[in-house]
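To start, the structure itself, in structure tokens.
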Amino acid sequence: MGKLPLRARLASTVGGAAGRVSRLSGRGDGSVIGGVVGLRMEPDLLRLLAADRQIVLVTGTNGKTTTTRLITAALGALGLQVASNAFGANMEAGLASALGQARSAPFGVLEVDERYLPAMIGATDPKVVTLLNLSRDQMDRAAEIWLVARRWREALADAPGCQVVANADDPLIAWAASAAKRVTWVAAGQRWHEDSWCCPECGSHLRRDELGWRCGECSFTRPAARWVLDTDSVVDATGRVRELSLALPGRANRANAVVALAVADFFGVDLDQALPRLREVTSVAGRYTQLERDGRRLRLLLAKNPAGWLEAFDVLTPPPSPVLLAVNAQGPDGRDTSWLWDVDYRVLRGRPVLVAGERRLDLAVRLEADEVEFELADGVGDAVAAVPPGALDVIANYTAFQQIRTTLGRAE
Ligand SMILES: [Zn+2]
């Protein structure tokens, strides 16, 4: 690593100290406050901390935190230190804090909020940018994600030295990534189509078949992908097939793993060494955590937006295993719960469904409309008492998830 100028060194040191104070006082995990303090002293801190490192930026509506973790795990095969904002503090301060805490790490794998990607590309000069998917978050309108994709395009067109690893199955992602000079296309799949009916290039209707998608009017079509998720296997760029066998559940995580392997391959990692490392990842910032309460095996699934709920339904224990759904509407969740109406809940029919969280009545009305039977619960403890011993899957949106983790003792 090159030497930091004095002011940046000070900013990083003071920022690190502020982070430790924040952790010690129990006010947070310290991953943001340190960066905030540091950036106030040296606005150029992130650029200085990122210089001379191999930076990977990871963004998308869903799967950022998990993919960041998987890439970090895969790069571990090189035997070098990797700096990462593992707990999802994904704006400038979180990135600066992650790099500041691992000053000698030659790699930085950083999750980035979708809206901040262009600025973070400018600040960190990344070797790789990973684009996962783009759909409405709870607070967005459809037009906003188109605007996000347009800004990504402009930023990537301005970063010719950067390798983009992108999901070819998501039309908006493909559109954004196609402005980049070098792209590794991954066939990672797309379950959620509701935000990509239209061609980003000309606005016409997109057609879909087994081969993917294409515009009916213009030449915009799904790029050919060299990395493919095929059921439980990854097909690499040379055509070699390997079984994934992850501990993390669900198709979405298998897609994240294929993306992680494509990034690792770019840095010369031997995939036979990377794969066992991906299999060792069992939970990510509390997600997919399994824990035992009074003979019930709880599994915690975070789902923040319609596409995320679809993915969570995908990994549920088969019926008649019960599920607890918890919804809040605090700031980070979005105050408006109308997005609940974008999710199809009918797959939950035929199993016991419990409903909790501050906005459980909103969810109850929605389930009524889909003719899904449910019971109201006062919280996770109440739900545990209401179901028989065995599995209990829990799907919760952001603050509901954090509350449940706190109630259960923040087990990893
Ligand atoms: Zn078109």
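The values are calculated or read from the model by the stated rules, or taken from the named source; none is laboratory data. The shown structure was predicted, so the numbers you read here are calculated from the model rather than taken from an experiment. Neighbour counts are summed over all protein chains in view; Cβ atoms, including those assigned to glycine, are modelled from backbone coordinates with ideal geometry. Just the protein is used for accessible areas: all its heavy atoms, side chains included, with ligands, DNA and RNA removed. Shrake-Rupley method; radii C 1.70, N 1.55, O 1.52, S 1.80 Å.
Quick notes on this one:
- Put simply, of Gly189, Gly203 the only residue that is outside any strand (DSSP E or B), at positive phi and within 16 Å of the ligand (Cβ to nearest atom) is Gly203.
- Of the residues making up the stretch 281-296, those that are open to solvent by less than 40 Å² (accessible area, probe 1.4 Å) and not in a strand (DSSP E or B) are Val281, Ser283, Ala285, Gly286, Thr289, Gly295.
- Residue that is surrounded by the most Cβ atoms within 10 Å (Cβ to Cβ) [pool: residues in the stretch 224-266 that are among the acidic types (Asp, Glu) and closer than 27 Å to Ile55 by Cβ]: Asp265
- Matching entry among Gly94, Gly108, Gly100, Gly122 (being surrounded by fewer than 19 Cβ atoms within 10 Å (Cβ to Cβ), out of contact with any Cys (no Cβ under 8 Å at 6 or more places or on another chain) and not hydroxyl-bearing (Ser, Thr, Tyr)): Gly122
- Beta carbons closer than 7 Å, at least 6 apart along the sequence or on distinct chains, pair a first residue in the stretch 276-293 that is over 16 Å from Ile395 (Cβ atoms) and at pLDDT 95 or above with a second that is part of a helix (DSSP H, G or I) and open to solvent by 80 Å² or more (accessible area, probe 1.4 Å) for Val281/Arg69.
- Which numbered condition Ser196 misses (of (1) within 16 Å of the ligand (Cβ to nearest atom); (2) touching a helix residue (DSSP H, G or I) at 6+ places or on another chain (Cβ under 6 Å); (3) at pLDDT 95 or above; (4) of a type outside the set (A, V, I, L, M, F, W, C)): (3)
- Contacts under 6 angstrom Cβ, first residue in the stretch 210-226 being in contact (Cβ under 8 Å) with a residue 24 or more places away in the chain and assigned to a loop (DSSP other than H, G, I, E, B), partner acidic (Asp, Glu) and within 14 Å of the ligand (Cβ to nearest atom), 6 or more apart: Phe220/Glu201
- Test: residue in the stretch 147-162 that is in contact with an Asp or Glu (Cβ under 6 Å, 6 or more places away or on another chain) and part of a helix (DSSP H, G or I): yes
- Some residue of the stretch 396-404 being over 19 Å from Gly308 (Cα atoms) and open to solvent by 70 Å² or more (accessible area, probe 1.4 Å): no
- Members of the stretch 352-374 found to be buried (at least 16 other Cβ atoms within 10 Å of the Cβ) and of a type in the set (D, E, K, R), listed by number: Glu358, Arg359, Arg360, Asp362, Arg366
- When the residues of the stretch 209-262 are filtered to those that are of a type in the set (A, V, I, L, M, F, W, C) and within 16 Å of the ligand (Cβ to nearest atom), the one that is farthest from Val284 (Cα to Cα) is Cys218.
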